[in-house]
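Structure record follows, encoded as C-alpha cells.
Derivation of every value follows stated rules applied to the coordinates shown; laboratory data play no part. This is a predicted model, so every value here is computed, not measured. Heads up, the Cβs are rebuilt from the backbone with ideal geometry, glycines too, and the neighbour counts pull from every protein chain shown.
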Amino acid sequence: MTTAAPPSEGQLTHRQVMVVLSGLLLGMFLAALDQNIVATALRTIGDDLKGQSAQAWVTTAYLVTSTVSTPLYGKLSDLYGRKPFYLFAIAIFVLGSVLCGTADSIYQLAGYRAVQGLGAGGLMSLAFAIVGDVVPPRDRGRYTAYFMSVFASASVLGPVLGGFFAGQESLLGIHGWRWIFYVNVPVGALALVVVYRVLDLPRRAGAGRIDYVGAALLTSAVVPLLLVAEQGREWGWGSPLSLGMIALSLGSLAAFVPWERRLGEDAILPLRIFSSSAFSVGSAVSFLVGAGMFGGLAALPLYLQVVRGESPTRAGLLLTPLMLGIIATGIVSGRFMKRTGRYKPLPIAGTALLVVAMLLMSTLDVETPLWHASAAMVVMGAGLGLSMQTLTIAVQNALPARDMGVATSSVTFFRSMGGAFGAAVFLAILFGTLAGHIQDRLVALGATPEQLAQFGSASALDDTTVIATLPGPVRGAVLGGFADSMQLVFLIAAVVLVPAFLLATRMKEIPLRTQGGLAAAAADAKAEDQASASRTETAVL
C-alpha cells in the first residue's frame, strides 16, 4: 500500500491526499454510522435489557464523553502529532463497541457507551484537522465534501441497518441488536490498518506542558450542563439537582477562564484564539447551527414515525432528500471556495436556507403530502451543506497553522454543545406542549371526560404503539396534537437560526490561504528563524 509521505514543504499531491483520505473516511464512517444505527434500535435494546426507562443514559453517556474529549484531542495533537491520537481514538471506539455488545444491563451499556464516546471525540475533529494539515484552505472544501458525503450516507444507512439488526431475534447465535455494535469491529480494524500504513505526518516536538487543571475545569463546566440538558425533563428544570448542576458548571467556568489566561500558550483552550473575530463569530454560528440542526433532526424522524406511521427503517430512507441536499451543496461550496478564494457568502446563504427549511417544516401536518416534507428536507440539507464545512474551514483559516488542532476541535466542540442543548430544549418543548395540544384537539372533537383524562399528560404516550389501537377520531386528534407540537418546535428552531444568519453576515472574511497547515507552519518557522537571525545580527552590529 502506498504511503502518503508529505514532501519537504508539507504539500501533498491530489493522489497522496486521496490515499490519506481513505483512512480518515473510514474513521468518519465509524462515528457517523454509530450515531444513527444505535438511535434506531434503542427501543429494542431497552426492552431486551429491561431498562426502557433508563435508556436515555445510553445516549447521555456517549454525548458527554465525546463532547468533553474533543478539545483534549485538539490540543494534544497540536503538541504531539495527529496520527497517534487518531489511532488511539479508533482503537478506543472499537474497544467500546466490543464492550457494548457484551452488555447485560442498561447501565452497563451506558458505561460502555461512555468508552465509545471517548474514541468518537477524536474521530471527526482529528480527521478534519489532518485534512487541514495537508490541504490548503482554498482547496479544502473539495475534500471535506467527501466527509459530508460519508456522513450523509451513514445517516441513511444507519436506520436501515439498525432496523434490520434490531428486528433479528438471533443472528449467528447472538442477539440481533448486539450486531449494531459488533459491525464496528471489522470497519474499525480496517481503519486502523489503513491509517497506520498511509498516514505519515511529521512528528512534533511536544513542546509545552499538558494543562491537566484546565482539562478538569473544562470537564466540570461542560458535563453538568450536558447532564441537565439531557436529563432536565426527568429531573425537573428547577429541581435542586438541576440547579446544583448549573451552579457547579458556572463555578467551574468562572475558575477556568483565569486559569487559562494564566497558562497562556500552554492552556488547553488558549484565550488568545477568541481575539480573532473570525474564530469567535464562526464558533457562535456553529453553536446556533448545531442547536437548530439537531433540534430539527430530533423532531423530523418523530414526525415520520409517529405522525405518518412509518417504520424506523422506512423513516431512515425517507431522509434521503436531506442527505442529497447536503452532498450537492457540499460539492458546490468546495468548488466555489477553490475558484474564488472566498467563503463568507456560503454560511450566509446556508443559514438563510436553514431558516426557510424550518419555516417549511412548521407547516407539516397529518395530511401534508410527503413530497412537501421531502422538499423541506432538500432545503435543510442544502443549508447544512453550505454551512457546516465552510464554518470549519473559516475557523481553521482564521488561526495560525500551529493551532490547527485547537481550531478544528473548538468549532466541533461548540457545534456539539449547540446540538446537545438544541435537541434537549426542543424535545422538552415538544413533550411539554404535547398534552395541551392533544387536549385542545380532543375538546374540539367533543371527547368524553374519560378520554380527556386519558391524555392529560405526555407520559400517557410513553409507548406510542398505543396510538394505533385508538378509535379513529381519537387517534386523529392525538396525531394532530403531535403535529401541532412539532410545528412549534420547527418554528422555534427557525427563530433560533435567525441570529445565526445575522452573525454570518458580520463574519470577517480572511482570504483563504494557498498552503496547507504543514506547509504554512514550515513557512512560519522559517520566517521566525530568519527574523531571529536578523535580530541577532543587529545586536552584534
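Scalar couplings 3J(HN,Hα) for the range 377-383, obtained by applying the Karplus form with A = 6.51, B = -1.76, C = 1.60 to θ = phi - 60°, are 5, 4, 5, 5, x, 4, x Hz; x denotes Gly and Pro.
For the range 212-267, the residue among Leu250, Gln231, Gly264 whose Cα projects farthest onto the positive side of the dipole built from Cβ charges is Leu250. Backbone geometry of the range 367-373 corresponds, through the Karplus equation with coefficients 6.51, -1.76 and 1.60 at θ = phi - 60°, to 3J(HN,Hα) couplings of 9, 5, x, 5, 5, 5, 4 Hz, x marking Gly and Pro.
To the nearest 20 debye, what is the magnitude of the charge dipole of the chain about its Cα centre, counting +1 on the Cβ of each Lys and Arg and -1 on the Cβ of each Asp and Glu?
Numbers: 35 positive and 30 negative charges, 301 e Å.
Dipole size: approximately 1440 debye.
The modelled label-to-label distance between Tyr196 and Glu265, using points 7 Å beyond Cα along the C-beta direction, is 3.5 nm.
Across the chain, Cα-Cα pairs farther apart than 43 Å form 18% of the total. Which of Ala382, Phe482, Pro186 sits farthest toward the positive end of the charge dipole of the chain, with +1 on the Cβ of Lys and Arg and -1 on the Cβ of Asp and Glu? Positive-end residue among those listed: Ala382.
Below 8 Å between Cα atoms, with a sequence gap of 6+, how large is the relative contact order for the range 273-510 in percent?
Worked out over the range 273-510, it gives 39 percent.
Quote the FRET efficiency, to the nearest 0.05, computed for Leu502 versus Arg342 with a Förster distance R0 of 25 Å and r equal to the Cβ-Cβ distance.
Working: r = 20 Å, r/R0 = 0.78.
Efficiency computed from Cβ-Cβ geometry: 0.80.
Counting every alpha-carbon pair across the range 273-510, the share separated by more than 26 Å comes to 42%. Helix 345-361 against the longest principal axis of the chain: what's the angle in degrees, Cα atoms only, rounded to the nearest 10? Here the helix axis deviates by roughly 10 degrees. For the chain, relative contact order (Cα pairs under 8 Å, six or more residues apart, normalised by length) works out to 22 percent. Most tightly packed first, judged by the mean number of other beta-carbon atoms within 10 Å of their residues, the peptides 424-430, 187-193 read 424-430, 187-193. Computed per residue of the chain from DSSP H runs no shorter than four, each worth -39500 (n - 2.57), the mean residue ellipticity at 222 nm is -26500 deg cm²/dmol.
Ranked for footprinting exposure by Cβ neighbours inside 10 Å, fewest first, His372, His437, His14 give His14, His372, His437. In plain terms, the residue of Leu354, Leu300 with the fewest other Cβ atoms within 10 Å comes first and the most crowded comes last, giving Leu300, Leu354.
Using the Cα centre as the reference, give the magnitude of the dipole from point charges on the C-beta atoms of the range 273-510 (Lys, Arg: +1; Asp, Glu: -1; all else neutral), rounded to the nearest 20 debye. Kindly include the intermediate steps, with their values, before the conclusion.
Details: 13 positive and 10 negative charges, 247 e Å.
My answer is approximately 1180 debye.
Between Leu171 and Gly176, the built amide H atoms are under 5 Å apart, and every one of these is 5 or more places off in sequence or on another chain.
Apply the Kirkwood formula to the range 248-367: the hydrodynamic radius equals the inverse of the mean of 1/r over all pairs of different alpha-carbon atoms; give it in Å with one decimal. Don't skip to the end; give the middle numbers.
Numbers: mean 1/r = 0.0556 Å⁻¹.
For the range 248-367, the Kirkwood estimate is 18.0 Å.
Relative to its Kirkwood radius, the Cα radius of gyration of the range 281-340 gives an Rg/Rh of 1.12. Normalised by residue count, the range 119-260 yields a Cα convex hull volume of 207 Å³ per residue.
Exposure proxy ranking for Trp177, Trp57, Trp235, based on other Cβ atoms within 10 angstrom of each Cβ and starting from the fewest, stands as Trp235, Trp57, Trp177.
Per-residue Karplus couplings for the range 272-285, computed as 6.51 cos²θ - 1.76 cosθ + 1.60 with θ equal to phi - 60°, are listed in order as 5, 5, 6, 6, 7, 5, 5, 5, 4, 5, x, 5, 5, 5 Hz, Gly and Pro entered as x.
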